[in-house]
Amino acid sequence: MKSITIKGSQRESVGKVSTKALRNAGKVPCVLYGGDKPLHFSADELAFRHLVYTPNAHTAVIELEDGQKLKAVLQDIQFHPVTDKILHIDFYQLFSDKPVTMNIPVRLEGNSPGVKNGGRLLFRKRKLSIKALPDLLPDFITIDISKLKIGDTIPVETILNDDYTILHPNSTAVVQVKASRTSVDDEEEEEEEEGAEGAEATAEGAEAPAAEATE
């Protein structure tokens, strides 16, 4: 999984006055949990744009002024209710031998024949909560919908992976195609195509004797 580097400054004072001063200076107060004790630091608000304002899942590498580089995952974020400015971020430190839980985006590939026939594609789970070791975290989970017909569903149990555990019931629908008023049943379309081919063959067979009679 891609990591976003955040250059931060460790801070000792965590009072309201110091926190307000940080925000006034364009900094975001942060806390890193998961280690021996919580680590308080701050970073420029612009440093978080590729980590926060994206549909993709990323881990973070927090580089502190003393040379420490700590791998982490964003755990919680607070926004201002009016301006949407970032007020505070909680991170959780990652260790190579400890599994972590993350929400991973789902990407669809292929063209559904059910949608082609007028069905409605329902993308039920655009993100899936998974548990895995940090090095095995995927950037996204890909699902092929090229065989998804009207009435078909792709549940969690069909996309299980040995690298991670999906934290949803196996029967959870991720994506499905529902019938609509304008949809054509896939089997009916196949029968119509076969019927059309048969009609063409019959027409050709009927033309042959007529041609012979003309000669």
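Numbers for the structure displayed
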| item | result |
| --- | --- |
| Calculated FRET efficiency for the pair GLU65/ASN24, C-beta based, R₀ 22 Å, to 0.05 | 0.60 |
| Loop-resident sites, region 16-85, for GluC sites (Glu not before Pro), counting at most 10 other Cβ within 10 Å (DSSP) | GLU65 |
| Per residue solvent-accessible surface (Å²) - region 64-167, probe of 1.4 Å | 60 |
| Two-decimal Rg/Rh across region 66-116, once Rg and the Kirkwood Rh are taken from alpha-carbon atoms | 1.21 |
| Whole-percent carbon and sulfur share, accessible surface of region 60-152, 1.4 Å | 47 |
| Chymotrypsin sites (Phe, Trp or Tyr not before Pro) restricted to DSSP loop in region 24-95 with at most 16 other C-beta within 10 Å | TYR53, PHE95 |
| Separation of the ASP139 and VAL14 label points, Cα + 7 Å toward Cβ, nm | 3.5 |
| Amide proton proximity set for ILE150, modelled H, under 5 Å, gap of 5+ | GLY114, ASP186 |
| Computed FRET value (nearest 0.05) for ASN170 with ARG120, which takes r as the C-beta separation and R₀ as 25 Å | 0.55 |
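The values are calculated or read from the model by the stated rules, or taken from the named source; none is laboratory data. Here the structure is a predicted model, which means the values were calculated and not measured. In this analysis, Cβ positions are derived from the backbone assuming ideal geometry, glycine residues included, and neighbour counts consider all displayed protein chains. Areas reflect the complete protein model, heavy atoms only, side chains present, ligands, DNA and RNA absent. Shrake-Rupley method; radii C 1.70, N 1.55, O 1.52, S 1.80 Å.
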